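This report concerns only the one structure given below.
The values are calculated or read from the model by the stated rules, or taken from the named source; none is laboratory data. Keep in mind that this is a model prediction, so the values were computed, not measured. Note that we place each Cβ from the backbone using ideal geometry, even for glycine, and neighbour counts take in every protein chain shown. To get the accessible areas, we keep the full protein, side chains included, count just its heavy atoms, and leave off ligands, DNA and RNA. Shrake-Rupley method; radii C 1.70, N 1.55, O 1.52, S 1.80 Å.
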Amino acid sequence: MRYEDPRGDYGRQLRQRMVLEALVKKIATIGSMTKYQSILNAISSNMKTNLTFDDMKAIATKYSSASKIEQIQLQGESQMIDGVSYEVVPQSNLDKVTSQLKKALNE
């Protein structure tokens with residue numbers, strides 16, 4: 001779909017983030033914890049994990065605040081370099097995102 005999306009790869013990435021964010025919110029609810037097997041069966045053909053159910057419970061318990069997802073994305077421009085397409089990010093954008101991440105991580 002990214003080739004048909006007017007935003008290209010950025011559009012595909014946005015859709016992936018939306019799915020993951022919805023999945024995190026769905027799994028984080030108490031009701032979903034009791035229905036974990038049906039949820040895992042529904043998504044199992046599209047993802048793989050080596051986490052056990054106990055691992056998932058621990059993550060859900062310890063990191064419940066992680067359902068508040070803030071998105072920061074580098075923006076660049078496509079450039080062909082030696083016949084290969086690259087996304088080249090301007091230094092100013094890289095510096096801005098680096099600063100935002102450091103602030104979010106309290107560094």
(Q) Taking R0 as 22 Å, what FRET efficiency do you get between Val88 and Arg12 from their Cβ-Cβ distance, rounded to the nearest 0.05? (A) 0.75
Q. Reachable aspartates and glutamates from Lys96, Cα under 20 Å, same-chain residues fewer than 8 places away excluded?
A. Glu70, Glu77, Glu87, Glu107
Q) Pairs Lys57/Lys103; Lys25/Lys102; Lys26/Lys62: which exceed 27 Å Cα-Cα? A) Lys57/Lys103
**Q.** Ranked order, Lys96, Lys48 - accessible area, probe 1.4 Å, largest first
**A.** Lys48, Lys96
